[in-house]
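The values are calculated or read from the model by the stated rules, or taken from the named source; none is laboratory data. In this text, all values refer to a predicted model and were calculated from it rather than measured experimentally. Every residue, glycine among them, receives a Cβ derived from its backbone with ideal geometry; neighbour counts consider all protein chains shown. Side chains are part of the model used for accessible areas, which takes the heavy atoms of the whole protein and leaves out ligands, DNA and RNA. Shrake-Rupley method; radii C 1.70, N 1.55, O 1.52, S 1.80 Å.
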Amino acid sequence: MEKRDLNKFVKLGVFFLGLFILFFGVSFAFINLTIFGSKQQVVNAGNLDLVLDEDENNLYIENALPMYDEVGMIQEAFTFRITNKTSMDTAYVLKLEEITVGQPLAREDVKYGLTKNKETTIDFVSNIVDNVIDEGIILGNETIEYELRLWIRDTLEEESLIQGKSMRFKLSLRMSQTEEMTYRETLLNGCDPILSENLVPVTIQDDGTVQKANIYDEWYSYEDKLWANAVVLLDKTKTYSEYEIIPEENIESYFVWIPRFRYQIFNDTIYTGVTTLENRVQEIKVEFENKDIAKSNGTKKNEWLTHPAFTSFNSNGFWVGKFESGYKGATTVTEAEVNSSDSTKLQIKPDVYSWRSITVGNAFKVSYDYLRSDESHMMKNMEWGAVAYLQHSKYGSMKSVRTNNNNSYQTGYASVTEPTLGYNTNGTSISGNLNGTTADVTQTYNTPTGYMASTTGNVTGIYDMSGGSWEYVMGYNISANTVGGNSELTSIYGDFFTNSKWEKYYDKYSNAVADGSKYQTGLLGDATREMGPFGRVNDPDESTRYRMSWYEDMSYFVNPIAPWFARGGNWQGGVVSGTFVFGIFRGEVNTNISFRIVLSP
């Protein structure tokens, strides 16, 4: 008898006898499937009932015997059913959601068999997309019967892959009216928010109250300038029901979704220096598109270009930190000035102290390590450009974003009046201070004044992109006098500028002369060269600065001495700060500079 046939015989024999066997020196038990609560537990989902015929809604597989599909499918099944309590046809989505407990089995080692009204699907758990195991329409007053089985794939041969490991699941049900069923597919042409297990979709009320979103309702609308938001929880074991308030004390970070889009090129001029300044502010035309369609490759004015920020990671969009990065636990301005690479200290929240005095290298490592499973990274110059362009399209506020003038570098604040000057001669902001001694004071993000410091003009947008702290971005001049400048990147990652695996994490520029007005190698989409023409303007402090044709924002291009871009300006900048601002630094520690996180799950 062949060895494989003998193994099959042993597995079948043990299964039918209901015994334990010794397999590679380990005793394997059969799968144990149970459900929380009383028998025939009922979970309500709007007009639908998910009726569970077991003790608890908690399916788990541990120390399970590898078995063939035909054996797995004759195990005792976990049974349940969905009942439509009304006469209205209803769209539904059934999910098998993994619960993290102990040392998990690999999803590719676990198979499932789902029988629906006697029709069976068998597949690997790893092939389940967005946890959805079934979806469709349930007719009025209809009941759908299910049987679910789990087992270890029969080809698994290594004891270490299963010994002491388990996998636990729970069932969940969502519903929507039939006419809303295609909402997810059509709203943004297939580039709707991608939600990983780390991200909880939320809606944010005008006063800042955060509620878990029902993703089968209209929880965002870019047509109405209401951008999609999500949060990362501090206590990730805590679960929330749809519409339940998530307390601020359990939120670690806020993120906002930037959908993939193409835009109509509005300026293709090559600027080699300063010239006569003029007003070029206009609407940027944007169209959302899915990554699976052919990208647009325009290079000339009025041609369409798929924004390059989305092609590096071949994504349908990315999540951007809603606020500048903050330092967890800081209670004063100086406590947030830390040159560290400890990603556990990262928080992205309103009204916290911005994390400053950090090198580009450490900021990159903090960002890279934060949520590796969601491809977290430090914001690139091109990604900043994508946000700025979306802000100035019909989907954003399409006006100058109000400056965060908080002189304590606290996130999510806004100047009460639009600043009309830059620096005062004493170096303080025209926007006054926090103690209210002037008429022009600061207000928080969740007020009518605060909304004006958002990219949308409401609480759903991104804050601190004008003023607050400068923000280092991953935009680098490859003609730098010293590799990496003063960023310390090569001390952390010795091969950063030589290994191609890092290339998608930064944008490359060249300017071989020490002149910040050499804009010609600016890239389409990054909100640098396209913001020209550029000129010199005398500010109130009697210094001369380079400015651009969009809101006369500051505009300095990277050079060999200062090879790193920073964006947005700081709280002192007044009119010099803004969403389109770009300045240059060496990549060193600076008390005025923070950074921002992006996720590309």
**OP:** Quote the FRET efficiency, to the nearest 0.05, computed for PHE266 versus ASP206 with a Förster distance R0 of 22 Å and r equal to the Cβ-Cβ distance.
**Re:** 0.10
**OP:** Express in Å², to the nearest 10, the accessible area of MET531 obtained by rolling a 1.4 Å probe over the protein heavy atoms while all chains stay in place.
**Re:** 0 Å²
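Peptides 343-351, 545-553: what's the order by average Cβ count within 10 Å, highest mean first? Don't skip to the end; give the middle numbers.
Numbers: 343-351: 19.2, 545-553: 22.7.
Listed from highest to lowest mean packing, they are 545-553, 343-351.
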Subject >> Cα-projected label distance for ILE492 with THR239, points at 7 Å along beta-carbon direction, nm >> reply: 3.6 nm
**OP:** Could you pull out every one of the lysines with an alpha carbon less than 19 Å from that of LYS328, ignoring same-chain neighbours closer than 8 positions?
**Re:** LYS236, LYS345, LYS349, LYS365
**OP:** Please report, in debye to the nearest 20, how large the charge dipole of region 313-378 is about its Cα centre when each Lys and Arg carries +1 at its beta carbon and each Asp and Glu carries -1 there.
**Re:** 40 debye
Subject >> Karplus-derived HN-Hα couplings along region 451-464 (A = 6.51, B = -1.76, C = 1.60, θ = phi - 60°), whole Hz, x at Gly and Pro >> reply: 4, 6, 8, 9, 5, 10, x, 8, 6, 7, x, 9, 10, 6
**OP:** May I ask you to list the residues of region 294-311 whose amide nitrogen lies under 18 Å from a point 7 Å from Cα along the Cα→beta-carbon direction of GLU503?
**Re:** 308-311
Original post:
For GLU418 and ILE137 in one chain, what is 0.36 nm times their gap in residues minus the Cα-Cα distance, to one decimal in nm?
Top reply: 96.0 nm
Original post:
Tell me, what ³J(HN,Hα) does each residue in region 492-499 have, in order and in whole Hz, if you take phi through Karplus 6.51 cos²θ - 1.76 cosθ + 1.60 with θ = phi - 60° and put x for Gly and Pro?
Top reply: 8, 10, x, 9, 4, 9, 10, 9
**OP:** Pull up all non-local amide H partners of GLY475: gap of 5 or more, or a different chain, and H-to-H distance under 5 Å with H placed in the peptide plane.
**Re:** ASN381, ASP507, PHE565
Subject >> Placed amide H near SER466: partners under 5 Å, 5+ positions off or other chain >> reply: ASN404
Original post:
Can you pull the Rg over Rh of region 463-580, Cα-only, Kirkwood?
Top reply: 0.98
Original post:
What residues qualify as long-range amide H neighbours of THR528, i.e. H under 5 Å apart, gap of 5 or more or another chain, H built at 1.01 Å from N?
Top reply: LEU523
Subject >> region 267-407: C-alpha gyration tensor shape, a/c 1.5 cut-off, then a/b vs b/c >> reply: prolate
**OP:** Along Cα→Cβ, 7 Å out, is where each label goes; now give me the distance between the ones at GLN163 and THR275 in nm to one decimal.
**Re:** 7.3 nm
Original post:
For region 217-300, which GluC sites (Glu not before Pro) are in a loop by DSSP, counting at most 12 other Cβ atoms within 10 Å?
Top reply: GLU244, GLU278, GLU283
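Estimate the FRET efficiency between THR299 and ALA77 by the formula 1/(1 + (r/R0)^6), using the beta-carbon distance for r and 51 Å for R0, to the nearest 0.05.
Using R0 = 51 Å, I get an efficiency of 0.30.
Between Rg and the Kirkwood Rh of region 345-399, both from Cα atoms, what is the Rg to Rh ratio?
1.05
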Subject >> Full-stretch length increase - ASP342, GLU249 - with 0.36 nm per residue and alpha-carbon distance subtracted >> reply: 31.4 nm
**OP:** State, to one decimal in nm², a quarter of the convex hull surface area for the C-alpha atoms of region 513-601, i.e. the direction-averaged projected area.
**Re:** 6.9 nm²
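Between their Cα atoms, which of LYS95/LYS212; LYS212/LYS238; LYS116/LYS212; LYS285/LYS504 are more than 20 Å away from each other? Intermediate results must be reported in sequence, preceding the final value.
On the way: LYS95/LYS212 17 Å; LYS212/LYS238 12 Å; LYS116/LYS212 30 Å; LYS285/LYS504 26 Å.
Over 20 Å Cα-Cα: LYS116/LYS212; LYS285/LYS504.
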**OP:** May I ask you to order 492-500, 521-529 by the average number of other C-beta atoms within 10 Å around their residues, highest value first?
**Re:** 521-529, 492-500
Original post:
Expressed as a whole percentage, what fraction of the accessible surface of region 277-390 belongs to carbon and sulfur atoms when a 1.4 Å probe is rolled over the protein heavy atoms?
Top reply: 43 percent
**OP:** Mind ranking LYS111, LYS399, LYS504 by accessible surface for me, highest first, 1.4 Å probe?
**Re:** LYS399, LYS504, LYS111
**OP:** Tabulate in residue order the Karplus-calculated ³J(HN,Hα) for region 384-399, using 6.51 cos²θ - 1.76 cosθ + 1.60 with θ = phi - 60°, rounded to whole Hz; enter x for Gly and Pro.
**Re:** 4, x, 4, 5, 4, 5, 5, 4, 9, 9, 5, 8, x, 5, 6, 8
